[in-house]
1. Residues of the stretch 12-34 being touching a residue at least 12 places away in the same chain (Cβ under 8 Å) and open to solvent by 40 Å² or more (accessible area, probe 1.4 Å), which ones?
2. Can you run down the residue pairs with Cβ atoms below 7 Å, 6 or more apart or on separate chains, where the first is in the stretch 69-86 and of a type in the set (Ser, Thr, Tyr) and the partner is open to solvent by less than 100 Å² (accessible area, probe 1.4 Å)?
Amino acid sequence: MRSENTPFRGGPLDGRVLPILLGPTGHPPKWYEVPVPAHGGNPPRVYAYRREPAGYTKRLGLQRGWVYEYAPGGRERRELRWPWSKPGRGSGGSGPTG
């Protein structure tokens, strides 16, 4: 598997560059989570980092790579949206109406 040296911004890993394994599309994962075990009476924590574009070239506007930004609120939770679901309701589960 390939890896790519990816810089981190913000949080406890600020300024570090770590090798991140790339997926089948050649991109690093959208989220990178760092679990920290309980130590010295502190509860266990998970630091979350979101993948962001590192920048773009001036001339052609091509992306220069990726950087991980610290997300202090943690990882965003998304709910699945099915094409047959009505807006404003949960994801599926209701029977036919009529």
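1. Answer for the stretch 12-34, where residues must be touching a residue at least 12 places away in the same chain (Cβ under 8 Å) and open to solvent by 40 Å² or more (accessible area, probe 1.4 Å): Pro12, Asp14, Val17, Leu18, Pro19, Leu21, His27, Pro29, Lys30, Trp31, Tyr32, Glu33.
2. Listed by first residue and then by second, the contacts come to Tyr70/Gly10; Tyr70/Gly11; Tyr70/Tyr49; Ser85/Ser91; Ser85/Gly92.
The values are calculated or read from the model by the stated rules, or taken from the named source; none is laboratory data. Predicted model only: the values in this text are computed from it and were never measured. Because the Cβ atoms are built from the backbone with ideal geometry, glycine has one as well, and the counts that use them run over all protein chains shown. Keep in mind that these areas ignore ligands, DNA and RNA; they rest on the heavy atoms of the full protein, side chains included. Shrake-Rupley method; radii C 1.70, N 1.55, O 1.52, S 1.80 Å.
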